[in-house]
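Below: the structure, in structure tokens.
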Amino acid sequence: MPELPEVVVVSRQLNKNITGKVINDVIVYNKKLIKEIDENSFKNKLIDKTILKVDNFGKFIVFHLTDNVIMLSHLRMEGKYFYYDQPNFKMKHDYIIFKFNDNSFLHYNDTRMFGTFHLRNKNSYKQIDPLNKLSLVPWKLQIDDFYNKLQRKNQKIKTALLDQTLILGLGNIYADEVLFASKISPFKKANKITKIEAENLLKNSTKILKASIKLGGSSINSYTSLNKTVGEYQNFLKVHTKANQPCVECKNFILKTKINGRGTYYCDVCQENNDI
């Protein structure tokens, strides 16, 4: 699943490649990806609009268009974009194709079909669903706000870190890495986290996410950014996907378990749970 670093990388590449282009046509092969409005309305609101810029809000890619139109795209598990400067054949899982005025194309591809598209107004898109309940990225979060929210959560810290209303941008990969860097057990209850531990979580979240963005994200399983570019941060992961390999700190074997249905990697020596 693309997490914050991967979404940032994709949005930056989209911004570089399609800003200034006019949407001439939208071809929809799976209307289930379009939320809240019908296929024809979706097309009509996009055709003849110019793309002003592309950025992101957490894990949502935000397309800013003329006439105050905002298109929100969430990649979910397997969504990805491919850009072509000339017509290209449709691949099996290309479900939405955007044709531009210069005869270039943007294909949205999604093998799992979990991705979503919402259309919003520029003046209100952050105040309504699905963005209105989201938190902030770790480098914008105030420690007191973060710590106080943790104190109200009676769940394991691994699960809490995946909650985008608590902290924005962490997914399964980076939650494991942040907990290891912070020397906190994924089993520890969120409301047992000390303020110093909360500070370490924010510090390490910032450090790890920004490092991954710089390296193009983590290419695990099927993730690629625009035009099949792979990231490099997977080469620097300390625990995620490292089950039965020696810990880089203590040489104890990395363990894998499931917490709330999510595969979780950790070192039970470096991340000892003292609250059991």
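We did not get these values from a lab; they are worked out from the coordinates using the rules stated. Remember, predicted model here, so these are calculated numbers, not experimental data. All Cβ positions, even for glycine, are placed from backbone atoms using ideal geometry, and neighbour counts span all protein chains on display.
Here is how the numbers come out for the structure above:
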| read-out | value |
| --- | --- |
| Within segment 225-276: Cβ-based charge dipole about Cα centre, in debye rounded to nearest 20 (Lys, Arg +1; Asp, Glu -1) | 300 debye |
| Cα-based reach from K43 at 18 Å (exclusive), listing aspartates and glutamates while leaving out same-chain residues under 8 positions away | D25, D67, D94 |
| Residue-by-residue Karplus 3J(HN,Hα) for segment 64-70, coefficients 6.51, -1.76, 1.60, Hz, glycine and proline x | 9, 10, 5, 6, 6, 8, 10 |
| Positive-end extreme of charge dipole, the chain - chosen from T229, Y84, S124 (charges on Cβ) | S124 |
| Phi-based couplings in Hz for segment 4-15 (Karplus 6.51, -1.76, 1.60; Gly and Pro marked x) | 3, x, 5, 5, 4, 4, 4, 5, 5, 5, 4, 4 |
| Other-chain or far-sequence residues with amide H under 5 Å of D268's (modelled H) | L255 |
| Vicinal HN-Hα couplings computed from phi for segment 47-53 (Karplus, 6.51 cos²θ - 1.76 cosθ + 1.60; Hz; Gly/Pro x) | 5, 6, 8, 9, 7, 8, 5 |
| For the chain, size of Cβ-based charge dipole, Lys and Arg +1, Asp and Glu -1, in debye | 360 debye |
| Residue of S135, S212, S124 that the Gaussian network model of the chain assigns the largest fluctuation, springs spanning Cα pairs under 10 Å | S124 |
| Angle between the chain longest axis and helix 172-181 axis [Cα atoms, degrees, rounded to 10] | 30 degrees |
| Dimensions (Å) - segment 138-237, Cα atoms, principal axes, largest first | 42, 25, 22 |
| Listed peptides 105-113, 239-247 by packing density, highest first (mean Cβ within 10 Å) | 105-113, 239-247 |
| Net charge contributed by nearby residues that have their C-beta within less than 13 Å of L168 (K/R +1, D/E -1) | +2 |
| For F89, F253, order by how many other beta-carbon atoms lie within 10 Å, fewest first | F89, F253 |
| Size of the chain as Cα extents on the principal axes (Å, biggest first) | 60, 36, 28 |
| Relative contact order of the chain, pairs being alpha-carbon contacts under 8 Å that are 6 or more residues apart, as % | 18 percent |
| Amide proton proximity set for L136, modelled H, under 5 Å, gap of 5+ | L168 |
| Peptides ranked, highest mean first, by Cβ atoms within 10 Å: ranges 43-51, 9-17 | 9-17, 43-51 |
| Candidates G58, G79, G263: whichever shows maximal mean-square fluctuation once the chain is modelled as a Gaussian network with Cα springs under 10 Å | G263 |
| Segment 4-121: C-alpha pair distances exceeding 17 Å, % | 51 percent |
| Violating pairs (Cα-Cα greater than 18 angstrom) within the set K149/K195; K158/K258; K188/K256; K126/K195; K53/K126; K214/K258 | K126/K195; K214/K258 |
| Sorted by Cβ neighbour density within 10 Å, fewest at the top, the residues F187, F146 | F187, F146 |
